[in-house]
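J.: Quick one: this structure, given as structure tokens, is what I'll be asking you about.
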Amino acid sequence: MADHQKEIEEFGNNDDFWLFGYGSLIWKPPPHYDQRVPGYIEGYVRRFWQASEDHRGTPEAPGRVVTLIDKAHWDTLTDHHESTERVWGAAYHIPAHHAAEVREYLDIREINGYSIQFTPFHPAASTSASILRHTTCSVTFDTHSAIRCLVYIGLPSNPQFLGPQDPDALARKILESTGPSGENREYLYNLEKALLGLSRESEDAHVSDLARRCREIEGREGGGGGGGEIGEKLQKVGSTEEVE
Ligand code: BEZ
């Protein structure tokens, strides 16, 4: 078995693991985590280039959610937005006694076109001792060292991957889409707000620009603003809401 395949087969079988969230996982945590750490990964670019038929859209009218594009691949594409060095998000520690259950929850290998990868995660410099002091978690980490994290990525080979999108058309698509998890614009606005709350450096220009375009269109043409429910969601430690 190839090393990467073996790693995927074995994660969560017996041991604890860390999961990196760069989309809805930032404000909608996985169940049973005992530690949440803001920080970033490198070598990827976050984009609203993944079609969502099951959460923020429908098979007939798919919405748009984020995926990560390998930076080396992104460099070969023509994009409207600049890339950033870092993809900010939140890492969650899943203790060993919940690892199998959370692994099942995350739906192993593929959730709606997303595949598993492992990548080094860097805790934010501001992830101070306060997290360590207040945590009841059994693990501690060195804020200067990278943590190996599992991450779900919608690879360019998956059928939901759309590739580069015109920002105005993308904003309009987000505004008109809705699915079982709610309005697509709510996902965008929640993501923008959650990113701004992670650190002073964690704004994502692609996300902020799309949110600005959506608000501008809403202001011009009406349609009501998307809300934010981040604080409320983050209180729900051990939430069992479906990951999207
Ligand atoms: C997330 O990071 O929030 C995420 C990414 C892919 C699939 C599900 C969640």
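The values are calculated or read from the model by the stated rules, or taken from the named source; none is laboratory data. Everything numeric here is computed off the predicted structure, so don't read it as measured data. Glycine also receives a Cβ, built like all others from the backbone with ideal geometry; neighbour counts cover every protein chain displayed.
J.: Tell me which residues, restricted to region 193-210, are part of a helix (DSSP H, G or I) and crowded, with 21+ Cβ neighbours inside 10 Å.
T.: Within region 193-210, A194, L195, H206, V207, L210 qualify.
J.: Please state which of the following conditions K173 fails to meet, knowing it meets all the rest: (1) free of Cβ contacts under 8 Å to residues at least 40 places away in the same chain; (2) surrounded by 20 or more Cβ atoms within 10 Å (Cβ to Cβ).
T.: The single condition K173 does not satisfy is (1).
J.: Condition first: over 14 Å from the mean Cα position of the chain (by Cα) and closer than 22 Å to E53 by Cα. Now tell me which residues in region 181-205 satisfy that.
T.: S181, G182, E183, N184, R185, E186
J.: Could you identify the single residue in V45, V87, V37 that is modelled with pLDDT of 95 or more, crowded, with 18+ Cβ neighbours inside 10 Å and within 11 Å of the ligand (Cβ to nearest atom)?
T.: The unique qualifying residue is V87.
J.: With respect to D79, determine if the residue is closer than 23 Å to E192 by Cβ and within 15 Å of the ligand (Cβ to nearest atom).
T.: So D79 does not fit the description; no.
J.: Quick one: in region 139-170, of everything that is surrounded by 15 or more Cβ atoms within 10 Å (Cβ to Cβ) and either modelled with pLDDT under 90 or of a type in the set (V, I, T) (or both), which residue is nearest to E183 (Cα to Cα)?
T.: I153
J.: Considering only region 19-129, give the strands (runs of 3 or more DSSP E) lying wholly within it that have at least 1 residues that are more than 26 Å from S208 (Cβ to Cβ).
T.: Fully inside region 19-129 and qualifying: 35-42, 86-94, 114-123.
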